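Worksheet for the structure shown next.
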Amino acid sequence: MNRSILVVYRPAAGRYTAQFRSVVEAATGLGVRPVVLLPTGWEAPEAEGLPLYHADLDDTAAVRAAVDGICAEHRIERIFPLFEGDVLPASRSRRDHGIPGLTPDQALNFRDKNVMHRRAEELGVRVARSCRPDTVTAVAEFAEEAGYPVVIKPYAGWACGDTYRVDSREDLNRVWGAMGDDRHEYRVEEFIRGTEFHVDSLFQNGEVVFEQLSQYTYSVLEYLDEPGGTISRKHNLTPREQRILDLNALVLRGFGLSTGVVHAEFFLPEDGGDVVFGEAGARAGGGSIVPAVEAGRGINLAGEWCRLELDQDHRPDARLGPEIGTEYLSSAKYGRITAITTPEELTALDTVLDADVWKGVGDVLAPPTASNDVLGWYVCEGTDFEDVRARFKTVRDAFRVETEQV
């Protein structure tokens, strides 16, 4: 059998299309054949000509059974899950077949926030104080001790889905009702006041071979009130910003990462205290982070991950360039879209390097339910953080959406 890799790919809304294509290109260029596992009932024109298999990707047993069949037909050397929710099932399939990569023990460090924070503490890294929401009284007592607001989130969630900022006991009672019988799936954390950053990095054999620090322009929890934006911090880092990069390497090694790609989040607390670790996912950054890195640094994080896994001599050839920012496209208008600005109109604007619009005429807009529930994104460049943020407003003002009542 020829050398092959397995790509676990969810083609929903085009969010992972560029990553998928880049992994396929990287593997093909190295003489390795991509095999694709899709969700049941889905098709992917971008995977035409490749061996395709289907499974219920939300059912770990079904995924493992599908991979059993795939490995019987193909010599799978690596598995590449592009979506957060596929990281743990992929690790179990690796273990089943002796495929190198994250083991389930290691993958849990990147998926289960209870495990994640406990392991970070063992590594000497500061994390938010937390408690289990066993009873509403336990949460109320924790909130009184830590101080409101507190954050209630799924221990294995993503994109702020089902995540709540709780500002008072009245808020807590409301959220407790919304959680229903599923409180065992949640955790409670103190709210960290400060500036949030993320690090997107590539590792090979336990060494950092690429890293980029970026700063969010908004509070991720407040995605209902403002579009999500992030701006790179590549030049003239402060000592505290460099501390984030140092801790990122420490955490990822301590989590057991050898070769792979990670999106990790950290806070610089406003009280001047040490950096606080937020969370880390063993996958490329979501939303428009991958195209932003590609526009600014000249590499696709998912494609580079594939090359690093398959070629021990490969090193990312990333440029430094100016500061790069990316922001989600959103609208306060809801209903059926009758007109919307196109990606071509956005990229025609000064300093806009790339853009994508996921919604079109005829689609129906409803209030978002997660931080990535948006209309699309754009990437632009500037001289520094403040310059890029000013350019965000120019692009935002140029983006138009018209709707009619459904």
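The values are calculated or read from the model by the stated rules, or taken from the named source; none is laboratory data. In this text, all values refer to a predicted model and were calculated from it rather than measured experimentally. Methodologically, a virtual Cβ is constructed for each residue, glycine included, from the backbone with ideal geometry; neighbour enumeration extends over all protein chains shown. Heavy atoms of the whole protein, side chains included, go into the accessibility calculation; ligands, DNA and RNA do not. Shrake-Rupley method; radii C 1.70, N 1.55, O 1.52, S 1.80 Å.
Within the same chain, lysines fewer than 8 places from residue 359 are excluded, and of the rest, those with a Cα less than 27 Å from its Cα are 333, 393. On the principal axes of its alpha-carbon atoms, the stretch 164-277 has extents of 46, 30, 27 Å, going from largest to smallest. Remark: the chain carries 43 Å² of accessible area per residue (probe radius 1.4 Å; ligands, DNA and RNA excluded). For residue 113, the lysines whose Cα comes closer than 25 Å to its Cα, not counting residues fewer than 8 places off in the same chain, are 153. Across the chain, Cα pairs under 8 Å and at least six residues apart give a relative contact order of 14 percent. At R0 = 25 Å, how high is the FRET efficiency between residue 384 and residue 347 if r is their beta carbon distance? Nearest 0.05 is fine. Once rounded, the FRET efficiency stands at 0.65. Each label was represented as a point 7 Å from its Cα along the Cα-to-Cβ direction; for residue 258 and residue 129 these points are 4.0 nm apart. For residue 207 and residue 169, the FRET efficiency from 1/(1 + (r/R0)^6), where r spans their Cβ atoms and R0 equals 56 Å, is about 0.70. Expressed as a whole percent, the accessible area of the chain that falls on carbon and sulfur atoms is 45 (1.4 Å probe).
The stretch between residue 148 and residue 366, if pulled fully straight at 0.36 nm per residue, gains 75.5 nm over its current Cα-Cα span. Phi angles across the stretch 342-359 convert, under the Karplus curve 6.51 cos²θ - 1.76 cosθ + 1.60 with θ = phi - 60°, into 3J(HN,Hα) values of 8, x, 5, 5, 6, 5, 6, 6, 4, 6, 7, 9, 7, 7, 8, 10, 8, 10 Hz, Gly and Pro given as x. Each peptide in 276-289, 85-98 gets a packing score, the mean of other Cβ atoms within 10 Å over its residues, and the list from highest to lowest is 276-289, 85-98.
With contributions of -39500 (n - 2.57) from each DSSP H run of at least four residues, the per-residue ellipticity at 222 nm computed over the chain stands at -10000 deg cm²/dmol. Would you kindly state how much longer the chain becomes between residue 312 and residue 2 on full extension, computed as 0.36 nm times their sequence separation minus their alpha carbon distance, in nm to one decimal? Here the segment from residue 312 to residue 2 would lengthen by 109.7 nm. Here's how it looks for residue 323: its modeled amide H is under 5 Å from those of 382, which are all 5 or more places away or on a different chain.
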